[in-house]
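**Q** Have a look at the structure that comes next, please.
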Amino acid sequence: MNIIEEYKTLQTRRQFFSQGKNLLGTVALGSLLGSATSAAAGEGVVKTHFPAKAKRVIYLHMVGGPAQMDLFDHKPKMKDFYDKDLPDSIRKGQRLTTMTSGQKRFPIAPSKFKFGPAGECGLMMNTELLPNLAKKADDICWMRTLHTEAINHEPAIAAMQTGNQVPGRPCLGSWASYGLGSDNENLPAFVVLVAIPSNRDQEQAISSRLWGSGYLPGEHAGVSFRSAGDPILYINNPDGVPAAIRKSTIDNINALNEINFKAVGDPETQTRIRQYEMAFKMQASVPELTDLSTESDHTFKLYGEEAKKLGTFANTVLMARRLAERGVRFIQIYHNNWDHHGNVAGRMPSQCKDVDQPCAALIEDLKQRGMFDDTLIIWGGEFGRTIYSQGKLSMTNYGRDHHPRCFSMWMAGGGAKGGTIYGETDDFAYNIVNNPVHIRDFHATVLHLLGYDHEQLSYKYQGLNQRLTGVLPAHVIKELVL
């Protein structure tokens, strides 16, 4: 048996019916998939279910889990609890990580940073380390009661990005690409940037499966741009190879892929063809995209001088704005080193310095360009931190372990209700008092802002209509939406 014949014996029923040898099967397949094939061709899977408030998303993920009580969830009463043990009535037997479960004590560590009111909304936040962001408080929708079941980084990041702790599912960016399609011809719909933090004491490993397309067509996976060197590997032609030869090579490769598709019927072959074509177009679009010489002095004053340095958080945020201008639907930025098990006093200031001015600048920049109202900015990590100290505690320094029971995130623009302070935690920032927001609710709300009902945006896989929010209840938090 030759290779093609062997493949045919192993093909799925969907692949068999899609080859056109059985007209009834083809019609049935079309009724099952609806317009999914149009999404694979770069168009939206369906028209939005209702008018979208956001046309694009810039998602700033703080890898490691920022400490909510050191940033946006002020707990002044903890000053009186310094070095006292976390009460059992607060912990309620909740799960701990192995990093602190063996501690003899769980001493309370009040935040050492100065808090103050921000904006007319009056949010009490860390104005010492985030003075620029504090000035934008009324543009931001503050969420203080996110929660998740995952207590360790890998499953928690997977859950936050894909809706499931088990890796291999499509991420939020892939769902946005699948639903909305591309708004440009020369760049991917979904781009990933990994920023280099100024402090690199304890970075978490992140991998491409966080921006993978899972069971969605492969073209909806995020395309990672590098922080140094060529943004995309092999984006430039080798020495002595003119563009005409590269184009001829790609055309011939695609012709071979078309022959293979007709023989085998694997839809991923068509994805490969489109990706080759996109790669050729990116040879012209990416150099122009990454050339910051066209940016004004005003822009660099806004974002800071760090924006001129490749790979910094400021540089990636400026690049995100440029990508958004050019029609990229979803831009994901990862900023590492928020895993503060120790030395919060030494690491939190550098982390906040990295993000404070660029985040405030992004809001202002999008406003100046008339893009703020239809660009959704998301900021947050995969979980929060404990009020008790991990390891040695002093009045001036401490560490914090993972805490999934409550944590803070924020959104701005794109239909998010600026100046809203949603949710309340107890005095220990340990449990939710009112208005909980499960990450499924967060995902449902983001999809709502993009114009989609999270229960209807689905993809048929293994006989089931799969969706980002899964099968458990999820709700759009209407109080967060304009």
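**Q** At pLDDT 95 or above, assigned to a helix (DSSP H, G or I) and either crowded, with 22+ Cβ neighbours inside 10 Å or among the hydroxyl-bearing types (S, T, Y) (or both): is that true of A444 in this structure?
**A** yes
**Q** Limited to the stretch 410-431, what total is found for residues that are closer than 17 Å to P76 by Cα and in a strand (DSSP E or B)?
**A** Looking only at that region, the number is 2.
**Q** Take the residues of the stretch 410-426 that are of a type in the set (V, I, T) and closer than 12 Å to L123 by Cα: which is surrounded by the most Cβ atoms within 10 Å (Cβ to Cβ)? Before you say what the answer is, go through the steps one by one.
**A** Start the filter on the stretch 410-426 by keeping residues that are of a type in the set (V, I, T), which leaves 420-421, 425.
Next, only the ones that are closer than 12 Å to L123 by Cα stay: 420-421.
Values: T420: 21, I421: 17.
Only one residue fits best here, namely T420.
**Q** So, of the residues in the stretch 283-314 that are in contact (Cβ under 8 Å) with a residue 12 or more places away in the chain and in a loop (DSSP other than H, G, I, E, B), which turns out to be nearest to L366 (Cα to Cα)?
**A** Result: E295.
**Q** Here's something else I'd like to know. Conditions: (1) in contact (Cβ under 8 Å) with a residue 40 or more places away in the chain; (2) in a loop (DSSP other than H, G, I, E, B); (3) out of contact with any Leu (no Cβ under 9 Å at 6 or more places or on another chain). L187 meets all but one. Number of the miss?
**A** Failed condition: (3).
**Q** Return the pairs, sorted by first residue and then second, in which the second residue is polar (S, T, N, Q), the first residue lies in the stretch 107-134 and is farther than 21 Å from G346 by Cβ, the beta carbons are less than 7 Å apart, and the residues are 6+ apart or on different chains.
**A** The qualifying pairs are G116/T127; A118/T127; N132/Q357; A134/T127.
**Q** Give me a count of the residues in the stretch 130-146 that are buried (at least 22 other Cβ atoms within 10 Å of the Cβ) and either farther than 22 Å from G423 by Cβ or touching a His at 6+ places or on another chain (Cβ under 9 Å) (or both).
**A** So the answer is 1.
**Q** Return yes or no: is R369 within 30 Å of E219 (Cβ to Cβ), at pLDDT 95 or above, more than 21 Å from the chain's Cα centre (by Cα) and not polar (S, T, N, Q)?
**A** Answer is yes for this residue.
**Q** Answer yes or no: is there a residue in the stretch 426-437 that is at pLDDT 95 or above, within 30 Å of P349 (Cα to Cα), among the charged types (D, E, K, R) and more than 21 Å from the chain's Cα centre (by Cα).
**A** Scanning the stretch 426-437 turns up at least one residue that is at pLDDT 95 or above, within 30 Å of P349 (Cα to Cα), among the charged types (D, E, K, R) and more than 21 Å from the chain's Cα centre (by Cα).
**Q** Could I ask something else about it? Name the one entry in S208, S227 that is among the polar types (S, T, N, Q), modelled with pLDDT under 80 and closer than 30 Å to Q351 by Cβ. So that I can check it myself, show each step before the final result.
**A** On the way: S208 fails: modelled with pLDDT under 80.
After applying the criteria, what remains is S227.
**Q** Moving on to the next point. When the residues of the stretch 148-164 are filtered to those that are surrounded by fewer than 21 Cβ atoms within 10 Å (Cβ to Cβ) and not small (G, A, S), which remaining residue is nearest to P436 (Cα to Cα)?
**A** Within the stretch 148-164, the subset surrounded by fewer than 21 Cβ atoms within 10 Å (Cβ to Cβ) is 149-155, 164.
Among the residues that remain, those that are also not small (G, A, S) are: 149, 151-155, 164.
On the way: E149: 13, I151: 17, N152: 20, H153: 21, E154: 23, P155: 21, N164: 19 Å.
So the residue we want is E149.
**Q** Right, something else. From L289, L323, grab the single residue that is touching a strand residue (DSSP E or B) at 6+ places or on another chain (Cβ under 8 Å), at negative phi and of a type in the set (A, V, I, L, M). Steps first, answer last, please.
**A** Working: L289 fails: touching a strand residue (DSSP E or B) at 6+ places or on another chain (Cβ under 8 Å).
Going through L289, L323 in turn, just one is touching a strand residue (DSSP E or B) at 6+ places or on another chain (Cβ under 8 Å), at negative phi and of a type in the set (A, V, I, L, M): L323.
**Q** Sticking with this one: Report whether or not P188 is at pLDDT below 95, touching a strand residue (DSSP E or B) at 6+ places or on another chain (Cβ under 8 Å), buried (at least 24 other Cβ atoms within 10 Å of the Cβ) and closer than 27 Å to L216 by Cβ.
**A** On the way: at pLDDT below 95: yes; touching a strand residue (DSSP E or B) at 6+ places or on another chain (Cβ under 8 Å): yes; buried (at least 24 other Cβ atoms within 10 Å of the Cβ): yes; closer than 27 Å to L216 by Cβ: yes.
Yes.
**Q** With respect to I58, determine if the residue is modelled with pLDDT of 95 or more and within 28 Å of M395 (Cβ to Cβ).
**A** On the way: modelled with pLDDT of 95 or more: yes; within 28 Å of M395 (Cβ to Cβ): no.
Spelling it out, it is not the case that I58 is modelled with pLDDT of 95 or more and within 28 Å of M395 (Cβ to Cβ).
**Q** What do you reckon, is G451 surrounded by fewer than 22 Cβ atoms within 10 Å (Cβ to Cβ), at pLDDT 95 or above, of a type outside the set (A, V, I, L, M) and part of a loop (DSSP other than H, G, I, E, B)? Before you say what the answer is, go through the steps one by one.
**A** On the way: surrounded by fewer than 22 Cβ atoms within 10 Å (Cβ to Cβ): yes; at pLDDT 95 or above: yes; of a type outside the set (A, V, I, L, M): yes; part of a loop (DSSP other than H, G, I, E, B): yes.
In short, yes.
**Q** Something else about it: Would you pick out the residues in the stretch 327-341 that are in contact with a helix residue (DSSP H, G or I) (Cβ under 9 Å, 6 or more places away or on another chain) and either over 24 Å from S182 (Cα atoms) or modelled with pLDDT under 95 (or both)?
**A** Taking the stretch 327-341 and keeping what is in contact with a helix residue (DSSP H, G or I) (Cβ under 9 Å, 6 or more places away or on another chain), we get 328-335, 337-340.
Of everything in the stretch 327-341, those that are in contact with a helix residue (DSSP H, G or I) (Cβ under 9 Å, 6 or more places away or on another chain) and either over 24 Å from S182 (Cα atoms) or modelled with pLDDT under 95 (or both) turn out to be H335, N337, W338, D339, H340.
**Q** Cβ contacts < 6 Å: first residue under 13 Å from W175 (Cβ atoms), restricted to the stretch 460-471; second residue part of a strand (DSSP E or B) and of a type outside the set (V, I, T), any location; separation 6+ or different chain. Result?
**A** Q466/Y459
**Q** Considering the stretch 305-351 alone, what residues qualify as being small (G, A, S) and crowded, with 22+ Cβ neighbours inside 10 Å? Walk me through how you get there before you give the answer.
**A** So the first thing to find is which residues in the stretch 305-351 are small (G, A, S), and the list is 307, 311, 314, 320, 324, 327, 342, 345-346, 350.
Scanning the stretch 305-351 gives A307, A314, A320, A324.
**Q** Can you report the number of residues in the stretch 368-392 which are farther than 23 Å from E154 by Cα and out of contact with any helix residue (DSSP H, G or I) (no Cβ under 8 Å at 6 or more places or on another chain)?
**A** Residues that pass the stated criteria total 5.
**Q** Going by what's in this entry, would P242 be described as of a type outside the set (A, V, I, L, M, F, W, C) and in contact (Cβ under 8 Å) with a residue 12 or more places away in the chain? Write out each step before concluding.
**A** Details: of a type outside the set (A, V, I, L, M, F, W, C): yes; in contact (Cβ under 8 Å) with a residue 12 or more places away in the chain: no.
No.
**Q** Using the structure shown, decide if D291 is farther than 30 Å from Y388 by Cβ and charged (D, E, K, R).
**A** Details: farther than 30 Å from Y388 by Cβ: yes; charged (D, E, K, R): yes.
The answer is yes for D291.
**Q** Moving on to the next point. Does F17 satisfy the condition of being aromatic (F, W, Y) and modelled with pLDDT of 95 or more?
**A** Working: aromatic (F, W, Y): yes; modelled with pLDDT of 95 or more: no.
In short, no.
**Q** Sort through I259, I250 and tell me the only one that's hydrophobic (A, V, I, L, M, F, W, C), over 30 Å from C359 (Cβ atoms), modelled with pLDDT of 80 or more and part of a helix (DSSP H, G or I). Before the answer, list the steps.
**A** Values: I250 fails: modelled with pLDDT of 80 or more.
On inspection, the qualifying residue turns out to be I259.
**Q** Filter the stretch 236-247 for residues that are among the charged types (D, E, K, R) and assigned to a helix (DSSP H, G or I); which is modelled with the highest pLDDT? Show your work before the answer.
**A** Going through the stretch 236-247, the residues among the charged types (D, E, K, R) turn out to be 239, 246-247.
Within this subset, residues satisfying the condition of being assigned to a helix (DSSP H, G or I) are 246-247.
Working: R246: 74, K247: 77.
Top of the filtered list is K247.
The values are calculated or read from the model by the stated rules, or taken from the named source; none is laboratory data. Because the structure is a prediction, the values reported are computed rather than measured. Positions of Cβ are generated from backbone atoms using ideal geometry, with glycine treated the same way; all protein chains shown enter the neighbour counts.
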